[in-house]
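The values are calculated or read from the model by the stated rules, or taken from the named source; none is laboratory data. Values in this document were obtained by computation on a predicted structure and should not be read as measured data. As a convention, Cβ positions derive from the backbone with ideal geometry for all residues, glycine included, and neighbour counts pool all protein chains shown. In case anyone asks, the SASA skips ligands and DNA or RNA and just uses the protein heavy atoms, side chains included. Shrake-Rupley method; radii C 1.70, N 1.55, O 1.52, S 1.80 Å.
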Amino acid sequence: MSLSQTLLCCTSLLILGVQSQTPVMSPQIGYIRSGESFTFTCNVGVKDGGWTVFLKQTIGENPKFILINSESHTSPSYGPGMSSTHYSSRIISAGTQYELIIHSTGPADMALYHCVKWYTREQDIFVFSQSSKLIVTVDKFPEPAINVFAPYVEDHSTKDNQVITCHVRKMSVSLVNVKWIKDGTTIQDGVSTSQPTRDTDNTFSLSSYLTIPASDLNKDSIYSCWVQQEGSSSFTSQGINLSQC
């Protein structure tokens, strides 16, 4: 099995503590305007001729192999579907720092990025860095579709707590912030939000749930689901008055 095949089999496995040096990705959060280029740096700490690998992980999906680089090769090797015109890499600081350069960034580049060091002195040992986030800023994304649903009527008399559901579709990116607001005040407790999933049209969707006491159903309060797609300062919200349902 090749190194790239071995890595692809192991991308869901995080191995720590097998070496004194754990790779460090920087910066931890990067901001870039759409269309510009951005550089992540992975400090591997040692120069041993082993491979350094970069991965991209869209929220809710498995990591994808971008490229492998090493001092022993003249150019990086790329993963399936990854282009040398969009990604490049170089080695600096006497072989201890590897750069990942993302060219002509767009919303599709908003994701988590990892670097992985393959230590040749151990037998096929991969050590993962922490994740770093790239946020590509735009003026405004297309507004997602938000639907807020009241609890099922037939459940009102049988349960102490009730659940309001917010379903969000047509999001341009998977990096999003979701809040629940009651009468203008953010609610911290009773909130559960799913990971975004990619739909067939290449947009993203998720569901968020707010658990409230059944005694609050007849109160004249407005519950709102607030959604911000990272990279834009704009947000979208949809509200519901449970006393009128």
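Give the cross-link partners of residue 182 among the lysines, using a straight C-alpha distance below 30 Å as the criterion and excluding same-chain residues fewer than 8 apart.
140, 159, 170, 219
So for the range 145-245, taking the charge dipole from beta-carbon charges (+1 Lys/Arg, -1 Asp/Glu), which of 243, 177, 222 sits furthest toward the positive end?
The residue sitting most towards the positive pole is 177.
Relative contact order for the chain: what is it in percent, counting Cα pairs under 8 Å that are at least 6 residues apart?
After rounding, I find 18 percent.
Kindly provide the chymotrypsin sites (Phe, Trp or Tyr not before Pro) of the range 146-213 that DSSP labels as loop, not H, G, I, E or B, and whose Cβ sees at most 16 other Cβ atoms within 10 Å.
The qualifying sites are 152.
Using Cα-Cα distances under 8 Å and only pairs 6 or more residues apart, what relative contact order does the range 36-103 have, in percent? Walk me through the numbers on the way to the answer.
Working: 120 pairs, mean separation 26.2, N = 68.
After rounding, I find 39 percent.
Determine the order of 61, 143 by accessible area, beginning with the largest, at a probe radius of 1.4 Å. Intermediate results must be reported in sequence, preceding the final value.
Numbers: 61 45, 143 115 Å².
So the residues, ranked largest to smallest area, are 143, 61.
With runs of 4+ DSSP H residues as the only contributors, calculate the mean residue ellipticity of the chain at 222 nm using -39,500 (n - 2.57) per run, divided by the residue total and rounded to the nearest 500.
Computed mean residue ellipticity for the chain: -1000 deg cm²/dmol.
Based on the Kirkwood radius over alpha-carbon pairs, what is the Stokes-Einstein translational diffusion coefficient of the range 88-219 at 20 °C with 1.002 mPa s viscosity, in µm²/s?
113
With 22 Å as the cut-off, how large is the P(r) tail for the range 35-107, expressed as percent of Cα-Cα pairs? Numbers along the way, then the final one.
Working: 569 of 2628 pairs.
Percentage above 22 Å: 22.
Taking the solvent-accessible surface of protein heavy atoms with a 1.4 Å probe, what is the per residue accessible area of the chain in Å²?
On a per-residue basis, 51 Å².
Have a look at 23, 151, 213 and tell me which one the Gaussian network model of the chain (Cα, springs below 10 Å) gives the largest fluctuation.
Most flexible of the set in this elastic network: 213.
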